[in-house]
Amino acid sequence: MDKTTSIHGMWSSRLMFILAATGSAVGLGNIWRFPYMTSDNGGGAFVLVYLGCILLVGLPILMAEILIGRHGRVSPINTFRKLARESGVSRHWVAIGWIGIVAGILILSFYSVVAGWTLHYAFLYVKQLAGGAAITDPGATFAALLADPLELTFWHALFMLLTVAVVALGVEKGLERAVRFLMPALFLLLMMLVVYGMTTGFMGQAAAFLFKPDWTVITGGTFLSAMGQAFFTLSLGMCTMMTYGAYLPREGVSIGRVGIAVALTDTSVALLAGLAIFPIVLSFGIDPAGGGPGLIFTSLPLAFETMPFGIVYGLAFFGLLAVAAWTSSISLLEPATAFLVERFGMASRKRAALGIAGLSWLLGLLSVLSLNLWSGVRILDRDIMTFIEFIANDLMLPLGGLLIALFAGWALNRTILREQLSDMPPVLFTTWRWLMRVVAPALVLIVLVRAVV
Ligand code: PHE
């Protein structure tokens, strides 16, 4: 029988869980990464493959993570230990927990650097409001930021401290407070940007770029990128959702429903971000293809400088984007922190969070340097930051997800599954189970193998 509470605290309601899980899912992945990945991978075809990955692989694995977490009630490593024992299967499944912890530390390292960019931009608009210079050449402004290791390190450090502060406070006091108001505000702001996009006269062209697939530009790499993006944006494959599931009350909460709610919101925000950004990109005559990681930083400021109240808007946008990144970064840090807390006792939550974040911050310096002093260093044809991103997002997350699917589909006792998904109609339950057993693992495997060979 599973326990009803976790030692780390519990979400105070179902809504709080949905907000926290959405807060984790919605972040830089949707607003920074999705548009430029779409741009770099040729538009519509990438978007379609991505949506397919969300539906067939992402959503079912999201449910699996939440249910495994809610049954286990402890951090991922200990959860796998416990569930493997209960189901009488090999304890080597614990490896999934370790992959998750390593992936989390790697992702947090560059995530915090990019979140630092958004803080820097928010600050640029604060300065502008106080009479500072306008951003007349966003390309140059962005290049100047990347060229300055000290500036990058400062914002990276500030963002990491913000992340630690919340995680150190724990579930009820820290995580919940941060997500309650700020997520809806970001959503509203994106909607307003889409409306602005409509006034540019380029909405039709932007929609065509996003939704009209051009299959000629598709390669094996496109599938890998789309799969990696699906995992990244839903915070899957590294046991984040599992950890949040461990704090989810049992009574009256349907895992199927909350899973759908989170996946739908996350996907809508990504598509909205695309619909907000590409009209602006097109209306300023920027080529929508091959925008790279700087895409939103070099395009949106053009609009903010010309639209009414654009400076206030720019401040609100980058400020809220930093907040969205914040509610995601805390979920990157939580699994490893929870594990250390279990290992060394409750009193050490602050130290645990600080230790993991410190390690991640140090690793982040590699990303900082790869943007300037070490920009010539190449690993597998990528700079250091892109390489870390590739290993963690495109390889480790899908691999973790694949193993989670197999664990839920084959190793875990059917009674446990049925108990956790008790409200799911039998047909859906069977469908879900076969998605876990065969479809999702096969798809991930094909994509991984095709990309490597
Ligand atoms: N889903 C987050 C985003 O889109 C990133 C993330 C990945 C968070 C993995 C937690 C775990 O920004």
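Worth pointing out:
- Looking only at the stretch 283-320, and only at residues there that are assigned to a loop (DSSP other than H, G, I, E, B) and touching a residue at least 24 places away in the same chain (Cβ under 8 Å), the one that is nearest to the ligand (Cβ to nearest atom): Pro293
- Close pairs (6 angstrom Cβ cut-off, 6 or more residues apart or separate chains): aromatic (Phe, Trp, Tyr) in the stretch 395-413, more than 12 Å from the ligand (Cβ to nearest atom) anywhere: Phe407/Trp93
- Subset of the stretch 87-118 [polar (S, T, N, Q) and not in a helix (DSSP H, G or I)]: Ser90
- Of the criteria (1) surrounded by 14 or more Cβ atoms within 10 Å (Cβ to Cβ); (2) over 28 Å from Ala316 (Cα atoms), which one Thr219 fails: (1)
- Sole exception among (1) more than 26 Å from Ala25 (Cα to Cα); (2) within 16 Å of the ligand (Cβ to nearest atom) for Thr200, by number: (2)
- Remark: pairs (first residue in the stretch 321-336, more than 18 Å from Thr79 (Cβ to Cβ); second residue within 7 Å of the ligand (Cβ to nearest atom); Cβ separation under 6 Å; 6+ apart in sequence or on different chains) = Ala324/Val26; Ala324/Gly27; Ala325/Gly27; Ala325/Leu28; Ser328/Ser24; Ser328/Gly27; Ser329/Tyr111.
- Val281 within 19 Å of Thr200 (Cα to Cα) and surrounded by 24 or more Cβ atoms within 10 Å (Cβ to Cβ): yes
- Screening Leu264, Leu275, Leu271 for residues that are in contact (Cβ under 8 Å) with a residue 12 or more places away in the chain, within 15 Å of the ligand (Cβ to nearest atom) and surrounded by fewer than 24 Cβ atoms within 10 Å (Cβ to Cβ) leaves exactly one candidate, Leu271.
- Count of the stretch 128-185 residues, restricted to those that are over 23 Å from Leu369 (Cβ atoms), surrounded by fewer than 17 Cβ atoms within 10 Å (Cβ to Cβ) and of a type in the set (Asp, Glu), is 2.
- The stretch 411-437, residues that are assigned to a helix (DSSP H, G or I) and loosely packed, with under 14 Cβ neighbours inside 10 Å: Arg414, Thr415, Arg418, Pro426, Val427, Leu428, Thr430, Trp434
- Pairs with Cβ under 6 Å, 6+ apart, first in the stretch 63-80 and more than 20 Å from Ala25 (Cβ to Cβ), second basic (Lys, Arg): Gly72/Lys82; Arg73/Lys3
- Scope the stretch 119-150; condition closer than 15 Å to Ile311 by Cβ, of a type outside the set (A, V, I, L, M, F, W, C) and assigned to a helix (DSSP H, G or I); matching residues: Tyr121, Tyr125, Lys127, Gln128, Pro138, Thr141
- Breaking point among (1) charged (D, E, K, R); (2) surrounded by fewer than 21 Cβ atoms within 10 Å (Cβ to Cβ); (3) touching a residue at least 12 places away in the same chain (Cβ under 8 Å), for Arg378: (3)
- Scanning the stretch 91-103 for residues that are touching a residue at least 24 places away in the same chain (Cβ under 8 Å), more than 13 Å from the ligand (Cβ to nearest atom) and of a type outside the set (A, V, I, L, M, F, W, C) yields a count of 1.
- Residue ID - surrounded by the most Cβ atoms within 10 Å (Cβ to Cβ), chosen from residues in the stretch 381-410 that are closer than 20 Å to Arg257 by Cα and out of contact with any Asp or Glu (no Cβ under 9 Å at 6 or more places or on another chain): Ala405
- Scanning the stretch 298-335 for residues that are under 22 Å from the mean Cα position of the chain (by Cα) and aliphatic (A, V, I, L, M) gives Leu300, Ala316, Leu320, Leu321, Ala322, Val323, Ala324, Ala325, Ile330, Leu332, Leu333.
- Beta carbons closer than 7 Å, at least 6 apart along the sequence or on distinct chains, pair a first residue in the stretch 185-196 that is under 13 Å from Val323 (Cβ atoms) with a second that is part of a helix (DSSP H, G or I) and of a type outside the set (A, V, I, L, M) for Leu189/Phe317.
- The stretch 238-252 residues that are closer than 16 Å to Pro60 by Cα, paired with ones that are within 13 Å of the ligand (Cβ to nearest atom) and assigned to a loop (DSSP other than H, G, I, E, B) (beta carbon under 7 Å, 6 or more apart): Met241/Ser235
- Residues that are outside any helix (DSSP H, G or I) and more than 16 Å from the ligand (Cβ to nearest atom), drawn from the stretch 203-242: Lys212, Pro213, Asp214, Ile218, Thr219
- Condition met for Gly245 (away from the ligand (no atom under 16 Å from the Cβ) and part of a helix (DSSP H, G or I)): no
- Only listed residue being hydrophobic (A, V, I, L, M, F, W, C), over 30 Å from Gly170 (Cβ atoms) and in a helix (DSSP H, G or I), chosen from Ile356, Ile391: Ile391
Yes or no, residue by residue, for (1) hydrophobic (A, V, I, L, M, F, W, C); (2) modelled with pLDDT of 95 or more:
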position: Val341; (1), (2): yes, no
position: Phe344; (1), (2): yes, no
position: Asp381; (1), (2): no, no
position: Asp394; (1), (2): no, no
position: Ala405; (1), (2): yes, yes
position: Val444; (1), (2): yes, yes
position: Leu448; (1), (2): yes, no
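The values are calculated or read from the model by the stated rules, or taken from the named source; none is laboratory data. Just so it is clear, the structure is predicted and the values come from calculations on it, not from any experiment. With ideal geometry, Cβ positions are generated from the backbone for all residues, glycine too; neighbour counts draw on all protein chains shown.
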